[in-house]
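Novice: One structure is given below, represented as structure tokens, and several questions about it will come after.
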Amino acid sequence: MLATGVVMSALGAPAPDLSAIVWTDVALVLAFRMVNPTDSALGEEPGFRGYALPLLQDRLSPLASAGVLGVLTAGWHIPLVALGNLGWIGVPSTVVITFLYVWLFNRTGGSLLMAMLFHASQGALTFGMLGSTGAYADRAGYVYFAVLVVAVGAVVGLDRAIWRRAP
């Protein structure tokens, strides 16, 4: 939503017509993304946050673990880029958002459920649903990346203690 607001104000994109969104469909997509092992949250989070992250944090700081896991996760998503399901900006966005996942996972006491809900929510509400089409939709991915960078800067800068040692 924040990225859509920036696209509207900075790029002159039309305001989203929220009345056109069928919110029950958004809830259904969110629920489906939670239980479908071939569609992100259930298929990825047990491996990335449930298995790999604790192993990495046994050896590395949470900050270093997030960097390593971000690169691994981005590599996992390269086939989506090749298939046209994810733009190239999705690769660095995946690296950056991994820091938010690590922060969320560690701040919730290692809750895999919270990581899965966060992951599932990413695809339940899309730029297209919010009215970003054509060139605006392409630019929205770059704005989303910038918003992620700011969010990661905030959680790293404002919550320094969590990044030194895993809980």
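The values are calculated or read from the model by the stated rules, or taken from the named source; none is laboratory data. If you're wondering where the values come from, they're calculated on a predicted model, not measured in any experiment. Every residue, glycine among them, receives a Cβ derived from its backbone with ideal geometry; neighbour counts consider all protein chains shown. Calculation scope for accessible area: heavy atoms of the full protein, side chains included, ligands and nucleic acids excluded. Shrake-Rupley method; radii C 1.70, N 1.55, O 1.52, S 1.80 Å.
Novice: Name every residue in region 67-94 that is more than 14 Å from Gly141 (Cα to Cα) and either in contact with a Cys (Cβ under 6 Å, 6 or more places away or on another chain) or hydrophobic (A, V, I, L, M, F, W, C) (or both), in order of residue number.
Specialist: Answer for region 67-94, where residues must be more than 14 Å from Gly141 (Cα to Cα) and either in contact with a Cys (Cβ under 6 Å, 6 or more places away or on another chain) or hydrophobic (A, V, I, L, M, F, W, C) (or both): Val68, Leu69, Val71, Leu72, Ala74, Trp76, Ile78, Leu80, Ala82, Leu83.
Novice: Another one. Among the residues of region 83-114, what is the count of those that are in contact (Cβ under 8 Å) with a residue 24 or more places away in the chain, part of a helix (DSSP H, G or I) and open to solvent by 30 Å² or more (accessible area, probe 1.4 Å)?
Specialist: 6
Novice: Please verify whether Phe48 is modelled with pLDDT of 75 or more, open to solvent by 60 Å² or more (accessible area, probe 1.4 Å) and part of a helix (DSSP H, G or I), treating the condition exactly as stated.
Specialist: Details: modelled with pLDDT of 75 or more: yes; open to solvent by 60 Å² or more (accessible area, probe 1.4 Å): no; part of a helix (DSSP H, G or I): yes.
When the stated conditions are applied, Phe48 does not pass them.
Novice: Here's a follow-up. Go through region 129-167 and give me each residue that's among the small types (Gly, Ala, Ser) and either under 13 Å from Ala66 (Cβ atoms) or modelled with pLDDT of 90 or more (or both).
Specialist: Within region 129-167, Ala146, Ala151, Gly153, Ala154, Gly157, Ala161, Ala166 qualify.
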